[in-house]
């Protein structure tokens with residue numbers, strides 16, 4: 001179930017015993033420096049290091065970057081190129097594959113309480129439509145999954 005929150009996805013809420021996964025979307029051409037990644041890099045260097053050190057950035061792949069035992073960032077490669085006014089960079093099939101990989105990984109750690117935290121992935125610089133992304137999230141994750149979507153400011 002998705003809970004919408006006002007706040008910063010790099011500062012996930014929840015009980016301290018819970019394992020928190022911060023998900024975000026990256027492109028497949030090695031560009032890092034605009035959008036949500038700026039907030040990530042201002043808090044932690046590891047997600048950017050992992051992304052930049054990847055030999056191949058193939059659509060649909062994920063990088064799980066542990067920051068501590070209870071906190072990980074997941075770089076999801078689900079954008080191709082740059083968005084234009086008519087063509088979004090987000091690749092919905094790649095995003096779905098990334099989310100399926102995250103879900104599979106969560107099942108391995110099913111004994112731990114876990115939660116997902118993210119901005120509106122793929123809808124900023126990726127140019128995607130939130131309704132489509134939300135439908136993919138709801139299709140991939142069971143309803144009892146603790147998913148938190150953050151907006152920095154309230155939507156009007």
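Readers should treat all values here as calculations from the given coordinates under stated rules, not as data from a laboratory. None of these values were measured; they are calculated from a predicted model. Neighbour counts run over all protein chains shown; Cβ positions are idealised from the backbone, glycine included.
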Give the relative contact order (percent, whole number) for region 71-156; include only Cα pairs under 8 Å separated by 6+ residues.
-> 32 percent
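For region 2-151, what does the relative contact order come out to in percent, with C-alpha contacts under 8 Å and a separation of six or more? Walk me through the numbers on the way to the answer.
Details: 269 pairs, mean separation 49.8, N = 150.
Result for region 2-151 is 33 percent.
Neighbour counts of other C-beta atoms within 10 Å: give me 80, 24 arranged from fewest to most.
Going from least to most buried by this count: 80, 24.
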With a Förster distance of 22 angstrom and the Cβ-Cβ distance between residue 54 and residue 130, calculated FRET efficiency to the nearest 0.05 equals 0.20
For region 27-112: relative contact order, % (alpha-carbon pairs under 8 angstrom, 6 or more apart) = 26 percent
Which of [x] 8.9; [y] 18.1; [z] 8.4 is the computed mean projected area of the Cα convex hull in nm² for the structure on display?
-> [x]
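Using the 10 angstrom Cβ neighbour count as an exposure proxy, how do 96, 20, 132 rank, fewest first?
132, 96, 20
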If you find the alpha carbon centre of region 125-154 and of region 22-100, how far apart are they in angstrom?
-> 15 Å
Computed label-point distance, nm, for sites residue 44 and residue 1 using a 7 Å Cα→Cβ extension = 2.7 nm
Summing -39500 (n - 2.57) over every DSSP H run of at least 4 residues in the chain and dividing by its residue count gives a helix-only mean residue ellipticity at 222 nm, to the nearest 500 deg cm²/dmol, of -8500 deg cm²/dmol
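Say R0 is 22 Å: what FRET efficiency, to the nearest 0.05, do residue 68 and residue 104 get from their beta-carbon distance?
0.50
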